[in-house]
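The values are calculated or read from the model by the stated rules, or taken from the named source; none is laboratory data. Remember, it's a predicted structure, so these values are computed and weren't measured experimentally. Backbone-built Cβ (ideal geometry, glycine too); neighbour counts: all protein chains shown. Protein only, heavy atoms only, side chains kept; ligands, DNA and RNA dropped before computing areas. Shrake-Rupley method; radii C 1.70, N 1.55, O 1.52, S 1.80 Å.
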Amino acid sequence: MGLGAIDLNLLVALEALLEEKNVTHAGVRLSTSQSAMSGSLARLRRHFNDELLVRVGREYELTPLAERLLPVVQASLHKAEEALSLTKHFDPARSRQRFSVVMSDYVMMVFVEPLLRVIAEEAPGVRIDFHPIVHGQIETETHLRCHDLMIVPLGYQLPGVSETVMHDRFVCMLAPDNPRLVDGRITLRDLAEMPHAACAIGQLTPADRQLETLGITPKVQVSTPGFNVLPFLVGGTDLVSLVPERLARRYESFAGCAVVPTPFPDVPLVEAMYWHHNRHSDPAHRWLRETVRKVGAALGESSAEEIAATDDSHEEHAFPELTVAS
């Protein structure tokens, strides 16, 4: 059958249906009604003479033919989008593009400000919606397709394309008058015996894995879903917390905490940006990635202490439109 004999828009519907395995979700993704998606599914079933989606309990599963179709359809649409994008042009100075970016509270604290400064200068009409990491969804291809970028620690098994953008290391934060703090340091034994304020993010942090390697199980007295609150829990208490240094330096004086090296070799924290392969050739997305890459490189050239000093030297900032979406 020639291409002229079938509505090629059905390929878009087919990809959404096979990836979502749900008519309603596929409709939401394509901004169309459930009845319209049901109609597309009926046409596709007639064309392939196959059910494609079959109900098993309360869920749908792909038929064997649908399993074979999915990668072929994905590759075909990717090539079509790549071909169409070659004629597109993106002018950041005039664009009103709206991007969606997922990142942790830690990355929001240390990365968003310099990112928005660059965008304010190069693309004042661009808008970015920042979303928090949603554990349990982040590692799915569907979730990756819903956002332009995810900036998360290396180690997540995301199905898209990735590139490292920022490096940091872990340090200890504790009250400056904590009796275990001697000459600006604490010992490994101290770290094993002290009560901890810890970040519970659904998986072990690199610092947690290092403690596990050393045979230390932290005595976690309080946990939070992110790093940003930890400095305020540590000040004035006997707690200790392992946090990324760039974040620690920003809060050091404000939260009344001491920032000291870990009593073991430096534990690196590597943040990477991930994106779906379907966006790889889009000019607007290429500009966004290059902007993120540029900001990450600038951070790499500045020490955490220099960043903290910069924070103390200015009070007001002019940002482009910014939303933090829940």
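Look at region 33-43 and say how many of its residues are surrounded by fewer than 16 Cβ atoms within 10 Å (Cβ to Cβ) and either in contact (Cβ under 8 Å) with a residue 24 or more places away in the chain or within 27 Å of the chain's Cα centre (by Cα) (or both).
1
Out of all the residues in region 202-217, which are among the aliphatic types (A, V, I, L, M) and open to solvent by 30 Å² or more (accessible area, probe 1.4 Å)?
204, 214 - these are the residues of region 202-217 that are among the aliphatic types (A, V, I, L, M) and open to solvent by 30 Å² or more (accessible area, probe 1.4 Å).
For region 148-189, how many residues are touching an Asp or Glu at 6+ places or on another chain (Cβ under 7 Å) and of a type in the set (Lys, Arg)?
Here the count works out to 2.
Please find, among 107, 171, 220, the residue that is open to solvent by 50 Å² or more (accessible area, probe 1.4 Å) and closer than 24 Å to residue 256 by Cα.
Going through 107, 171, 220 in turn, just one is open to solvent by 50 Å² or more (accessible area, probe 1.4 Å) and closer than 24 Å to residue 256 by Cα: 220.
Would you mind telling me which numbered condition in (1) under 21 Å from residue 252 (Cβ atoms); (2) in contact with a strand residue (DSSP E or B) (Cβ under 7 Å, 6 or more places away or on another chain); (3) surrounded by 15 or more Cβ atoms within 10 Å (Cβ to Cβ); (4) modelled with pLDDT under 90 residue 308 fails?
For residue 308, the failing item is (2).
Within region 221-263, can you find the residues that are within 20 Å of residue 133 (Cβ to Cβ) and either among the β-branched types (Val, Ile, Thr) or in a loop (DSSP other than H, G, I, E, B) (or both)?
Within region 221-263, 224, 225, 226, 227, 228, 229, 243 meet the criteria.
Out of all the residues in region 44-76, which are open to solvent by 50 Å² or more (accessible area, probe 1.4 Å), part of a helix (DSSP H, G or I) and closer than 17 Å to residue 22 by Cα?
45, 64, 67
Anything in region 264-283 that is within 26 Å of the chain's Cα centre (by Cα), closer than 28 Å to residue 233 by Cβ and not in a strand (DSSP E or B)? List them, or say none.
Selection gives 266, 267.
Suppose we keep only residues that are part of a loop (DSSP other than H, G, I, E, B) and among the charged types (D, E, K, R) within region 141-194. Which one would you say is nearest to residue 270 (Cα to Cα)?
Filtering region 141-194 down to residues part of a loop (DSSP other than H, G, I, E, B) leaves 146-148, 155, 157-160, 175-181, 183-184, 186-187, 194.
Remaining after also requiring among the charged types (D, E, K, R): 148, 177, 180, 183.
Numbers: 148: 20, 177: 31, 180: 30, 183: 29 Å.
Looking at residues that are part of a loop (DSSP other than H, G, I, E, B) and among the charged types (D, E, K, R), I get 148.
Whether any residue in region 201-217 is part of a strand (DSSP E or B) and touching a helix residue (DSSP H, G or I) at 6+ places or on another chain (Cβ under 9 Å) is what I want to check.
No, region 201-217 contains no residue that is part of a strand (DSSP E or B) and touching a helix residue (DSSP H, G or I) at 6+ places or on another chain (Cβ under 9 Å).
Is it true that residue 231 is open to solvent by 20 Å² or more (accessible area, probe 1.4 Å) and not polar (S, T, N, Q)?
For residue 231, the condition - open to solvent by 20 Å² or more (accessible area, probe 1.4 Å) and not polar (S, T, N, Q) - is not met.
Look through 236, 256, 226 and report the one residue that is at positive phi and open to solvent by less than 40 Å² (accessible area, probe 1.4 Å).
From the options 236, 256, 226, the qualifying one is 256.
Is region 85-92 home to any residue that is assigned to a loop (DSSP other than H, G, I, E, B), open to solvent by 60 Å² or more (accessible area, probe 1.4 Å) and modelled with pLDDT of 90 or more?
No, region 85-92 contains no residue that is assigned to a loop (DSSP other than H, G, I, E, B), open to solvent by 60 Å² or more (accessible area, probe 1.4 Å) and modelled with pLDDT of 90 or more.
Working only within region 110-134, note down all residues that are open to solvent by 20 Å² or more (accessible area, probe 1.4 Å), under 24 Å from residue 250 (Cβ atoms) and either within 12 Å of the chain's Cα centre (by Cα) or modelled with pLDDT under 90 (or both).
131, 132, 133
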